[in-house]
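Asker: Starting off with a structure, shown below.
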Amino acid sequence: MDNKLMLMIPGPTPVPEQVLLAMAKHPIGHRSGDFTQIMAEVTANLKWLHQTESDVLMLAASGTGAMEAGIINFLSPGDRVLVGCNGKFGDRWAEVCQAYGLNVETIKAEWGKPLDTEQFRVQLEADTEKQIKAVIFTHSETSTGVLNDVETINRHVKAHGEALIIVDVVTSLGAVNIPFDTWGLDVVASGSQKGFMIPPGLGFVAVSPKAWTAYSTAKLPRYYLDLGKYRKDAAKNSTPFTPAVNLIFALQAALRMMQAEGLESIFARHQRLTQATRAAIKALNLPLFAPDYAASPAITAVIPDQIDAEKIRSVIKKRFDIALAGGQDHLKGKIFRIGHLGFVGDRDILSAIAALEATLQDLGYEDFSPGAGVAAAAKVITHS
Ligand SMILES: *Cc1c(COP(=O)(O)O)cnc(C)c1O
């Protein structure tokens, strides 16, 4: 049967019909009055989503473009930066910083474990000369399903006083509470194909007043990704270059849906889906890759040590048309990842777990009582 693909990967995530329909229109001129009105609405709603009074700027770029903008606008060649690396996206931050000639010191944790916040404290306290210009890491590490502790690391950054805190929130924004202003975060980067529920192609960067101060003296080269240009034009509900007009139609519809649901309900839904998924995997006697205390609200990674993870992915895709994500880099074939980010509901989790049980049985794994996964997920869903 065609057209019934169920996307359970951490991005691109499923897109609601009303968002798809919003895109299915002729583009309009980006200097027109109609477009200006849309920009005014989405700009206000992006601030609402980020819980900030400061700027949230929009780029025609994938999430990595937003990350790169988050570096090059606020730092200068040779600046000392602390980068947290505990997965593929943490490593990407380090690569972007190295590409631009920053003086990168990494704080590493094993893939599948959260970053050790104490290591940040020790390094920041030792820096009495205030040479560290930024602390950079990924909140929800999509490659492993680990959620890093932004709040604690941020407290250490605030105690340091000088460094900016720059965070990849690509798979945590719109899934878990990130009060940008209350916490005093400086730069957060995200992308449209994750919690936003729209197709790939837009990147977002929120910028604090402190980061704008750094911008005024930052010396890395920038042109297309010069956020000052976007800020200036955003004040007139405009953009410096031709924006991805149809994706912005989609964004307008998606942000309206998010407002109707409300932030608290969105976070509660992601928490429920995460707990239901984890309870089900435990009931199937499959090991979870990330610990309970650092579980990503977007993605659950499973390490089925007795079975090839790629076989599970291929059978569940072929038999049930459910796309799960595989492991990246050295984890390929070792883990599979279940996405539960964005436009995902209770029914999707129940279906995916039921299909996973059938897939496991098909592959000869019988170390669970049939129905145990579904029962465990249903219990979480009906009791929360
Ligand atoms: C998806 C993702 C990105 C951005 O990837 P793009 O392919 O450039 O959109 C960055 N960080 C994390 C944690 C992600 O999950």
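Asker: Using +1 on the beta carbon of Lys and Arg, -1 on that of Asp and Glu, and nothing else charged, what's the dipole of the stretch 262-382 about the Cα centre, debye to 20?
Answerer: Its charge dipole is roughly 180 debye.
Asker: How much accessible area per residue does the chain have, in Å², with a 1.4 Å probe? Could you put the intermediate results ahead of the total?
Answerer: Details: 15460 Å² over 384 residues.
Using a 1.4 Å probe on heavy atoms only, each residue of the chain averages 40 Å².
Asker: Cα gyration tensor of the stretch 189-346, axes a ≥ b ≥ c as square roots of the eigenvalues: rounded (a/c below 1.5), prolate (a/b > b/c) or oblate?
Answerer: prolate
Asker: What is the ratio of the Cα radius of gyration of the stretch 208-257 to 2.2 N^0.38 Å, where N is its residue count, to two decimals? Mind dumping the intermediate values first?
Answerer: Numbers: Rg = 13.7 Å, N = 50, 2.2 N^0.38 = 9.7 Å.
Ratio of Cα Rg to 2.2 N^0.38 Å: 1.41.
Asker: So, with a 1.4 angstrom probe, what is the percent of accessible area on the chain that is carbon and sulfur?
Answerer: So the carbon and sulfur contribution to the accessible surface is 52 percent.
Asker: While we're looking at this one, here's another question. Excluding ligands and nucleic acids, what accessible area in Å² is computed for E125 using a 1.4 Å probe, to the nearest 10?
Answerer: That residue has around 120 Å² of solvent-accessible surface.
Asker: Toward the positive end of the charge dipole of the stretch 17-260, about the Cα centre and with charges on Cβ (Lys, Arg +1; Asp, Glu -1), which of A175, M257, A94 goes farthest?
Answerer: Working it through, the farthest residue towards the positive pole turns out to be M257.
Asker: Please check: in the Gaussian network model of the chain (C-alpha springs, under 10 Å), which one of N86, N237, N148 has the largest mean-square fluctuation.
Answerer: Answer for the Gaussian network model of the chain: N237.
Asker: For the chain, with equal point scatterers placed on the C-alpha atoms only and solvent neglected, what are the log10 I(q)/I(0) values from the Debye formula at q = 0.14 1/Å, to two decimals?
Answerer: Results for the chain at q = 0.14 Å⁻¹ read -1.19.
Asker: Using only Cα atoms, tell me the angle between helix 245-261 and the longest principal axis of the chain; keep it within 0 to 90° and round to the nearest 10.
Answerer: The two axes meet at around 70 degrees.
Asker: On to the next question. Per-residue HN-Hα couplings for the stretch 295-309, Karplus 6.51 cos²θ - 1.76 cosθ + 1.60 at θ = phi - 60°, whole Hz, x for Gly and Pro?
Answerer: In residue order, the calculated couplings are 8, 5, x, 10, 8, 10, 9, 10, 10, x, 4, 8, 10, 5, 4 Hz.
Asker: Output the Cα-based Rg and Dmax of the stretch 75-155 in Å, rounding Rg to one decimal and Dmax to a whole number.
Answerer: 12.2, 36
Asker: Treating the angle as unsigned and between 0 and 90°, give the value, to the nearest 10°, between the Cα long axis of helix 63-72 and the longest Cα principal axis of the chain.
Answerer: The helix 63-72 is inclined about 30 degrees to the chain.
Asker: If amide H atoms are built 1.01 Å from N in the plane of the peptide, which residues on other chains or at least 5 residues away come under 5 Å of the amide H of L164?
Answerer: Amide H neighbours of L164: A134, V135.
Asker: If each Cα of the stretch 261-317 is one equal point scatterer, what is log10 of I(q)/I(0) from the Debye formula at q = 0.13, 0.15, 0.21, 0.22 Å⁻¹?
Answerer: Ignoring solvent entirely, the Cα scatterers give -0.40, -0.51, -0.85, -0.90.
Asker: Within the stretch 66-107, which residues have the backbone N less than 15 Å from the label spot 7 Å out from T217 along Cα→beta-carbon, could you tell me?
Answerer: Hits in the stretch 66-107 for T217 at 15 Å: 74-80.
Asker: Full-extension gain between K318 and A372, please, as 0.36 nm times their residue separation minus the C-alpha to C-alpha distance.
Answerer: Numbers: separation 54, 0.36 × 54 = 19.44 nm, distance 2.31 nm.
Going from the current span to full extension adds 17.1 nm.
Asker: Moving on to the next point. How far is it, in nm, from the label point at W48 to the one at D226 when both lie 7 Å from their Cα along the line to the Cβ?
Answerer: Here the answer is 3.3 nm between the modelled labels.
Asker: Can you find, among L350, V315, S238, the residue sitting farthest towards the positive end of the charge dipole of the chain, where Lys and Arg contribute +1 and Asp and Glu -1 at Cβ?
Answerer: Checking the options against the dipole of the chain, the answer is S238.
Asker: Sticking with this structure for a sec: Around G191, which amide H atoms from residues at least 5 apart in sequence, or from another chain, sit under 5 Å from its own amide H, with H modelled in the peptide plane?
Answerer: F204
Asker: Taking Cα pairs under 8 Å and at least six residues apart, what relative contact order does the chain come out at, in percent?
Answerer: That works out to 23 percent.
Asker: Right, something else. Could you work out the helix-only [θ] at 222 nm for the chain, with each DSSP H run of four or more residues adding -39,500 (n - 2.57) and the total divided by the number of residues, to the nearest 500 deg cm²/dmol?
Answerer: -13500 deg cm²/dmol
Asker: What accessible surface, in Å², does a 1.4 Å probe find on D34, ignoring ligands, DNA and RNA and rounding to the nearest 10?
Answerer: Surface accessible to solvent at D34 totals approximately 100 Å².
Asker: Measure off 7 Å from each Cα along the Cα-to-Cβ vector at Q119 and A99, then give the distance between these two points in nanometres to one decimal.
Answerer: Reported label-point gap for Q119 and A99 is 2.4 nm.
Asker: Quote the charge dipole size of the chain about the Cα centre in Debye, to the nearest 20; the model charges only the Cβ of Lys and Arg (+1) and of Asp and Glu (-1).
Answerer: Result for the chain is approximately 660 debye, rounded to the nearest 20.
Asker: Could you give me the ³J(HN,Hα) list for the stretch 129-140, computed from phi with Karplus coefficients 6.51, -1.76, 1.60 and θ = phi - 60°, whole Hz, x at Gly and Pro?
Answerer: Using θ = phi - 60°, the values come out as 7, 6, 8, 6, 8, 7, 10, 10, 6, 9, 6, 9 Hz.
Asker: Given the whole protein assembly as supplied and a 1.4 Å probe, what does the accessible area of Y215 come to in Å², nearest 10?
Answerer: Approximately 40 Å² for this residue.
Asker: Which listed residue (A280, F336, P297) has the Cα farthest towards the positive end of the charge dipole for the stretch 262-382, taking +1 on Lys and Arg C-beta and -1 on Asp and Glu C-beta about the Cα centre?
Answerer: P297
Asker: So for the pair K311, R155, with labels modelled 7 Å out along Cα→Cβ, what separation do we get in nm?
Answerer: 4.7
Asker: Compute the Cα gyration tensor for the stretch 168-274, then decide on rounded, prolate or oblate, letting a ≥ b ≥ c be the square roots of its eigenvalues: rounded whenever a/c is under 1.5, prolate when a/b is larger than b/c in the other cases, and oblate in all that remain.
Answerer: In terms of gyration-tensor shape, oblate.
Asker: Using only Cα atoms and rounding to the nearest 10 degrees, what angle (0 to 90) does helix 150-160 make with the longest principal axis of the chain?
Answerer: Value to nearest ten degrees: 30.
The values are calculated or read from the model by the stated rules, or taken from the named source; none is laboratory data. On a predicted model such as this, the values are computed, not experimentally measured, just so you know. Don't worry about glycine lacking a Cβ; one is built from the backbone with ideal geometry, like all the others, and counts go over all protein chains shown. Ligands, DNA and RNA are excluded from the accessible area calculation, which covers all protein heavy atoms including side chains. Shrake-Rupley method; radii C 1.70, N 1.55, O 1.52, S 1.80 Å.
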